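Below is one structure, written out as structure tokens; comments come after it.
The values are calculated or read from the model by the stated rules, or taken from the named source; none is laboratory data. All figures in this text were calculated on a predicted structure; none of them were measured in a lab. For neighbour counting, all protein chains shown are included, and Cβ atoms are generated from backbone atoms with ideal geometry for every residue, glycine included.
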Amino acid sequence: MLAGASAAYEHLPRLAFTTDVITEALRLYPPGWLFTRTVTDTELGGHHLPVGTSLAFSPYLPMR
């Protein structure tokens, strides 16, 4: 793709595989360690959460 040249800003649109790798790495290991969401009327783990409830969660906590 680069024919031996160093990568430069103008090459970015043509580096599709590199974009895919970076996107997947950020999906698996997001840069933020804590996120928040405001929910609609829902149930989570047997608990009723009314509209407007704020939740904080970490994508690094193990899922059960």
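Look through region 1-46, keep the residues that are of a type in the set (D, E, K, R) and in the same structural domain as Pro59 (by TED's automatic domain parsing), and return whichever of them is nearest to Tyr60 (Cα to Cα).
Among those that are of a type in the set (D, E, K, R) and in the same structural domain as Pro59 (by TED's automatic domain parsing), it is Arg37.
Can you pull out every residue in region 47-64 that is assigned to a loop (DSSP other than H, G, I, E, B) and modelled with pLDDT of 95 or more?
Pro50, Val51, Gly52, Thr53
Within region 41-64, which residues are surrounded by 10 or more Cβ atoms within 10 Å (Cβ to Cβ) and among the β-branched types (Val, Ile, Thr)?
Thr42, Thr53
Right, Pro50: touching an Asp or Glu at 6+ places or on another chain (Cβ under 9 Å) and free of Cβ contacts under 8 Å to residues at least 12 places away in the same chain or not?
Yes: the conditions hold for Pro50.
Do we have Thr19 as of a type in the set (Val, Ile, Thr) and out of contact with any helix residue (DSSP H, G or I) (no Cβ under 9 Å at 6 or more places or on another chain) here?
The answer is no for Thr19.
In region 19-46, how many residues are under 30 Å from Tyr9 (Cα atoms) and either part of a loop (DSSP other than H, G, I, E, B) or of a type in the set (Ser, Thr, Tyr) (or both)?
The total comes to 7.
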